[in-house]
Amino acid sequence: MEKLFIFDTTLRDGEQVPGCQLNTIEKIEVAKALEALGVDVIEAGFPVSSPGDFNSVVEISKAVTWPTICALTRAVEKDIEVAAEALKYAKKKRIHTGIGTSDYHIKYKFNSTQDEILERAKACVKYAKRFVEDVEFYAEDAGRTDNAYLARVVQAVIDAGATVVNIPDTTGYCLPTEYGAKIKYLIDHVDMKNAILSTHCHQDLGMATANSIMGVLNGARQVEVTINGIGERAGNTSLEEVVMAIKSHKELKIETNINTQKIYPISKMVSSLMSMPIQPNKAIVGRNAFAHSSGIHQDGVLKDLSTYEIIDPKDVGIDDNAIVLTARSGRAALKNRLNILSIQVSDDELTEVYQRFLDLADKKKDITDEDLLTLAGKETNGMNRVKLDYLQVTSGVGVRCIANVGIDIAGEKFDAAASGNGPVDAAIKAVWEVICDNTVINDGETEIKEFLIQAINKGSDDVGKVHMQVEHRKQIYYGFAAHTDIVAASVKAFINAINKFIK
Ligand code: KIV
Ligand code: ZN
């Protein structure tokens, strides 16, 4: 097995998405999760770009132990000095310096020549070597750089001491065969000494994962990736896609250090902290990535997962494969879900429930567990002790947000009012007051860990879907709800989660 190094740039290239900037505390949280995930290198920022970025590199260097911490620079001495200063607490450190090498960059960005750029490339690596042993060079826009010139640059920076040479397809232009051939050309024409080549592929034509894999198949030994493929424009290469492609294809004889069971949790964390919802059909981590809705597929998966699943969802940290019940689901899928809900039915009963299920599925797109319990004639009160009776919220600009809620706990009615820093905060506080006053749950043992509001379609009349993660006595419970009123959806998602631990 050969080792493929995973270089994560979620906190640098990934964080360049407009409106998705993280503060230092959030970046430390992500960096620690990346360390637990097992990435080899964390690109923590571009220190000269802002005091915030500088500070994040300093704090991440202190907080993280075993991955190498990397800081980006241009081929500018001041940048390199500032990066070295920001990395001073890192146990293992790398400076990532470089310059554009395509004709577009040389002519229009630098108004320079190939020879001058080659000299600047060597000089920046030599300068960075004064501060750190581990220097990575990037040939920006290598995807559109002539291979013969690129090979000269790569040879020069390796001779100057670069340990890793990054071949970015900055504009996401390359085709997989073209990118693979570029890496092969470099391997064949450069004396690599002990240096390795790195891929850094952008997603503009939707080929980032394919290009990275082609790079690896042709000799690259590091891939630069982000969680959920986030990044400016169409994004970067997804860590989860490359890692699972490598893991699924054992015949490649390549391994990574990634603990794949931590992929789903970190994907959710990054999505939530950056307020970047994951598209439902996103490979590996999308909500529907393992959700089989056609009857034929559901039947197959229930007989044996290998029929339609190439990855065991547990391998990426997802508890079970979500079979979505729709009008196309078969009897086996219905029976399976009823069993999960602890409802045993005879064959005759199943035939009856299945007929009622098909009638309902014709009218309703998603059939919930609640619906199934009703169809099977089971009381749902036992399952949902807490229900929302009513919700009234006052909010706006220049007024205090106040919420009044009516809550039904196992048939008894309670109400409460609370204020908060926004309508959701006020409403959740009011619900929580009722719960703490009228159940055995105490304040202080429950905390909302994650809260994500997604619009399902577009437009101001859209349905808001809320996903919430609530921690209660160190255990995580999930709550979901959808409503045209996002405050109502938030309260319902909260109640949905707390019903899972209020017995
Ligand atoms: O896409 C790119 O070329 C980059 C470099 C700065 C590494 O992000
Ligand atoms: Zn990039």
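Looking at (1) more than 16 Å from ligand 2 (Cβ to nearest atom); (2) open to solvent by 40 Å² or more (accessible area, probe 1.4 Å); (3) of a type in the set (Gly, Ala, Ser), which is the one condition that is false for Ala195? Every condition holds for Ala195 apart from (2). In summary, Ile453 fulfils each of the numbered conditions (1) surrounded by fewer than 21 Cβ atoms within 10 Å (Cβ to Cβ); (2) modelled with pLDDT of 85 or more with the single exception of condition (2).
Go through region 25-59 residue by residue and tally those that are in contact with a Gly (Cβ under 7 Å, 6 or more places away or on another chain) and either open to solvent by 10 Å² or more (accessible area, probe 1.4 Å) or acidic (Asp, Glu) (or both). Give the derivation first.
Taking region 25-59 as the starting set, the residues that turn out to be in contact with a Gly (Cβ under 7 Å, 6 or more places away or on another chain) are 53, 56-57.
This time we only want the ones that are either open to solvent by 10 Å² or more (accessible area, probe 1.4 Å) or acidic (Asp, Glu) (or both), so: 53.
Counting residues in region 25-59 that are in contact with a Gly (Cβ under 7 Å, 6 or more places away or on another chain) and either open to solvent by 10 Å² or more (accessible area, probe 1.4 Å) or acidic (Asp, Glu) (or both) gives 1.
Out of Gly215, Gly229, one residue alone is closer than 23 Å to Pro313 by Cα and within 15 Å of ligand 1 (Cβ to nearest atom). It is Gly229. With respect to the stated conditions, Tyr179 fails to be in a helix (DSSP H, G or I), more than 35 Å from the chain's Cα centre (by Cα) and surrounded by 21 or more Cβ atoms within 10 Å (Cβ to Cβ). Evaluation of Asp13 against the conditions (1) out of contact with any helix residue (DSSP H, G or I) (no Cβ under 6 Å at 6 or more places or on another chain); (2) open to solvent by 60 Å² or more (accessible area, probe 1.4 Å); (3) in contact (Cβ under 8 Å) with a residue 40 or more places away in the chain; (4) acidic (Asp, Glu) shows that the sole unmet condition is (2). Residues of region 201-244 being surrounded by fewer than 24 Cβ atoms within 10 Å (Cβ to Cβ), closer than 24 Å to Tyr185 by Cα, within 19 Å of the chain's Cα centre (by Cα) and more than 12 Å from ligand 2 (Cβ to nearest atom), which ones? Once the filter is applied, which keeps residues that are surrounded by fewer than 24 Cβ atoms within 10 Å (Cβ to Cβ), closer than 24 Å to Tyr185 by Cα, within 19 Å of the chain's Cα centre (by Cα) and more than 12 Å from ligand 2 (Cβ to nearest atom), region 201-244 yields Gly206, Met207, Thr209, Ala210. Cβ separations smaller than 7 Å between residues 6+ apart or across chains give the following pairs from region 69-81 residues that are assigned by TED's automatic domain parsing to the domain that holds Asp13 and within 8 Å of Thr97 (Cα to Cα) to residues that are open to solvent by 20 Å² or more (accessible area, probe 1.4 Å) and within 16 Å of ligand 2 (Cβ to nearest atom): Leu72/Arg12; Leu72/Phe46. Could you identify the single residue in Glu232, Glu240 that is in contact (Cβ under 8 Å) with a residue 40 or more places away in the chain and assigned to a helix (DSSP H, G or I)? After applying the criteria, what remains is Glu240.
When the residues of region 409-427 are filtered to those that are open to solvent by 20 Å² or more (accessible area, probe 1.4 Å) and either assigned to a helix (DSSP H, G or I) or charged (D, E, K, R) (or both), the one that is farthest from Tyr390 (Cα to Cα) is Asp425. Within region 272-280, does at least one residue satisfy the condition of being within 15 Å of ligand 1 (Cβ to nearest atom), more than 20 Å from Ala44 (Cα to Cα) and open to solvent by 30 Å² or more (accessible area, probe 1.4 Å)? Within region 272-280 (the criterion being within 15 Å of ligand 1 (Cβ to nearest atom), more than 20 Å from Ala44 (Cα to Cα) and open to solvent by 30 Å² or more (accessible area, probe 1.4 Å)), the answer is no, since none of the residues qualifies. Put simply, of Tyr89, Tyr104 the only residue that is part of a loop (DSSP other than H, G, I, E, B) and surrounded by fewer than 17 Cβ atoms within 10 Å (Cβ to Cβ) is Tyr89.
Close contacts from region 332-361, counting a first residue that is free of Cβ contacts under 8 Å to residues at least 60 places away in the same chain and a second that is of a type in the set (Gly, Ala, Ser) and open to solvent by less than 30 Å² (accessible area, probe 1.4 Å), with Cβ to Cβ under 6 Å and a gap of 6+ residues or different chains, come to Ile343/Ala376; Val353/Ala376. Scoring Asp485 on the criteria (1) modelled with pLDDT of 80 or more; (2) surrounded by 19 or more Cβ atoms within 10 Å (Cβ to Cβ); (3) not polar (S, T, N, Q) leaves a single failure, condition (2).
The values are calculated or read from the model by the stated rules, or taken from the named source; none is laboratory data. Predicted model only: the values in this text are computed from it and were never measured. For neighbour counting, all protein chains shown are included, and Cβ atoms are generated from backbone atoms with ideal geometry for every residue, glycine included. Areas reflect the complete protein model, heavy atoms only, side chains present, ligands, DNA and RNA absent. Shrake-Rupley method; radii C 1.70, N 1.55, O 1.52, S 1.80 Å.
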